[in-house]
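The values are calculated or read from the model by the stated rules, or taken from the named source; none is laboratory data. From a predicted model like this one, the values you see are computed outputs, not experimental measurements. All Cβ positions, glycine included, derive from the backbone under ideal geometry; neighbour counts span all protein chains shown.
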Amino acid sequence: MARTERTPRRAATEARILDAALDVFSTHGFRGATLDGIAAAAGMSKPNLLYYFATKEEMHTALLDGLMDTWLDPLEALDPVGEPVEELRAYIRRKLAMAREYPRESRLFANEIVQGAPRIAPMLSGRLRALVEEKAAVIGGWIAQGKLAPADPAHLLFAIWATTQHYADFDVQVRAVLASDDDMRFETALATLETLFLDGLRPR
């Protein structure tokens with residue numbers, strides 16, 4: 001479909017559609033999402049929706065493309081010349097903040113991974129792999145210098161991802177078990193994760 005010039009009004013409408021699509025995709029996954037459901041969530045008719053996005057694939061791809069820079073920023077910010085324990089503390093805090101502030105985006109990403117990453121596989125084996133290798137080398141260097149206790153750097157990053165993203169991807173479970181919607185759960189989680197990771201990584 002030929003696109004008209006992207007005016008501020010059009011950009012605002014596309015943003016509203018993508019926000020609605022994010023709700024639907026993060027709740028139902030790609031396969032469970034429908035154009036009718038996204039149109040209803042956006043408060044518009046399906047024909048009007050199709051004027052802006054021809055397929056749900058187009059919306060899903062736009063969301064994933066927009067997500068990736070945000071998703072990788074916390075790891076990009078790991079500073080090779082910083083103090084190792086403090087750099088990892090800051091990384092854990094950034095990742096948990098993302099779980100708190102972007103739960104829908106986290107679930108969108110998780111749903112894509114569970115389905116075998118059909119739309120982002122090249123990014124995972126390309127950009128993400130290169131970034132993990134780069135930062136794993138930094139962490140490995142700190143370990144070799146005796147600034148951190150021995151640990152496999154890549155698996156350390158996986159463990160941080162798993163524990164921080166849990167608070168977005170399994171938010172319903174966390175709130176049910178704690179019997180609370182109080183945001184203090186994130187503060188308690190942060191203190192616990194810092195104890196688990198940082199005390200374990202301090203040089204012995």
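For the range 50-66, the set of residues classified as assigned to a helix (DSSP H, G or I) and surrounded by fewer than 17 Cβ atoms within 10 Å (Cβ to Cβ) consists of L50, Y51, E57, E58, T61, A62, D65, G66, listed by residue number.
Answer yes or no: is there a residue in the range 73-96 that is within 25 Å of G32 (Cβ to Cβ) and either of a type in the set (D, E) or out of contact with any Lys or Arg (no Cβ under 9 Å at 6 or more places or on another chain) (or both).
Scanning the range 73-96 turns up no residue that is within 25 Å of G32 (Cβ to Cβ) and either of a type in the set (D, E) or out of contact with any Lys or Arg (no Cβ under 9 Å at 6 or more places or on another chain) (or both).
Residues in the range 139-196 that are under 18 Å from the mean Cα position of the chain (by Cα) and hydroxyl-bearing (S, T, Y): T163, T164, Y167. For R6, the conditions (1) charged (D, E, K, R); (2) part of a loop (DSSP other than H, G, I, E, B); (3) within 30 Å of P150 (Cβ to Cβ) all hold with the exception of (3).
So which residues in the range 177-204 are assigned to a helix (DSSP H, G or I), closer than 19 Å to A159 by Cβ and not β-branched (V, I, T)?
Passing the criteria: F186, A189, L190, A191, L193, E194, L196, F197, L198, D199, G200, L201.
Yes or no, residue by residue, for (1) in the same structural domain as T192 (by TED's automatic domain parsing); (2) in a helix (DSSP H, G or I):
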site	(1), (2)
N48	no, yes
R89	yes, yes
L96	yes, yes
L108	yes, yes
N111	yes, yes
R119	yes, no
A137	yes, yes
K147	yes, no
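Rundown of residues vs (1) touching a helix residue (DSSP H, G or I) at 6+ places or on another chain (Cβ under 6 Å); (2) of a type in the set (F, W, Y), yes/no style:
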| position | (1), (2) |
| --- | --- |
| A121 | no, no |
| L124 | no, no |
| A130 | no, no |
| A136 | yes, no |
| A159 | no, no |
| A162 | no, no |
| H166 | no, no |
| F170 | no, yes |
| A179 | no, no |
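Looking across the range 67-87, the residues that are under 17 Å from M123 (Cα atoms), surrounded by 14 or more Cβ atoms within 10 Å (Cβ to Cβ) and not aliphatic (A, V, I, L, M) come down to W71, P74.
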